[in-house]
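Data first, discussion second: the structure below is written as structure tokens.
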Amino acid sequence: MYSALLAFQAAILGAQLSEAEVESKMLIADAFTATGGYFVDGVEGFFHTSHTFPEPDGRMLRFLASYEAAKGAVLESESYSALAADAILVIADAVIRSGSLDPVTVGEAIIAGTGVDGLTGVLAYNGGATPNTPVYVHEVVNGGPTLAAVYG
């Protein structure tokens, strides 16, 4: 069952389905992590979409570790934090390639951008307004994320 509910709402729905003896797998939207999904009871075995996955020794894991070291706390939403970091990398790349700080010029350089190495993958706009990046599907196992699938 797919739902775009917030994490705590999805946990309630999952409990209701279980109580009604409805067997199903739950797939939740990317808001799962932004709404505290891994801090909510009753979500074990749930799947959710994400923009990234912290691979062992990967760039994302190093980003998370450096944040924790600097701030003394973990990021609550790895996925959206990665998107924010990607936005900075895309803008920096566009400024460097265009040699300009003019907003129109930088915007045109963003749209023309390809091969920006972001935390969510290699970003390519190919003349459009949205980069073509993979969708990661996580499964909650033992209260933490595991990579179930990657699409795109």
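The values are calculated or read from the model by the stated rules, or taken from the named source; none is laboratory data. Given the structure is predicted, the values throughout are model-derived calculations rather than measurements. Here Cβ is always computed from backbone atoms with ideal geometry, including for glycine, and neighbour counts include all displayed protein chains.
Table for the structure above
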| quantity | calculated |
| --- | --- |
| Pair list, Cβ under 8 Å, 6 or more apart: segment 55-71 residue more than 18 Å from Leu147 (Cβ to Cβ), other residue not in a loop (DSSP other than H, G, I, E, B) | Tyr67/Ser81 |
| Tally, over segment 87-132, of residues that are of a type in the set (Gly, Ala, Ser), touching a Ser or Thr at 6+ places or on another chain (Cβ under 6 Å), within 27 Å of Leu147 (Cβ to Cβ) and buried (at least 16 other Cβ atoms within 10 Å of the Cβ) | 1 |
| Residue in segment 78-88 that is over 30 Å from Glu139 (Cα atoms), out of contact with any strand residue (DSSP E or B) (no Cβ under 7 Å at 6 or more places or on another chain) and not assigned by TED's automatic domain parsing to the domain that holds His138 present | no |
| Qualifying positions in segment 78-92 - more than 10 Å from His51 (Cβ to Cβ) and in contact with an Asp or Glu (Cβ under 9 Å, 6 or more places away or on another chain) | Leu89 |
| Residue list for segment 3-35, filter: within 13 Å of the chain's Cα centre (by Cα) and not in a strand (DSSP E or B) | Ala29, Asp30, Ala31, Phe32, Thr33, Ala34, Thr35 |
| Condition met for Thr105 (part of a loop (DSSP other than H, G, I, E, B) and either on the phi > 0 side of the Ramachandran plot or in the same structural domain as Leu64 (by TED's automatic domain parsing) (or both)) | no |
| Residues of segment 57-82 classified as surrounded by 12 or more Cβ atoms within 10 Å (Cβ to Cβ), of a type outside the set (A, V, I, L, M) and either out of contact with any helix residue (DSSP H, G or I) (no Cβ under 7 Å at 6 or more places or on another chain) or not in a helix (DSSP H, G or I) (or both), total | 8 |
| Thr52 vs. criteria at pLDDT below 90 and part of a loop (DSSP other than H, G, I, E, B) | yes |
| Subset tally (residues that are outside any strand (DSSP E or B) and farther than 17 Å from Ala82 by Cβ) for segment 126-152 | 6 |
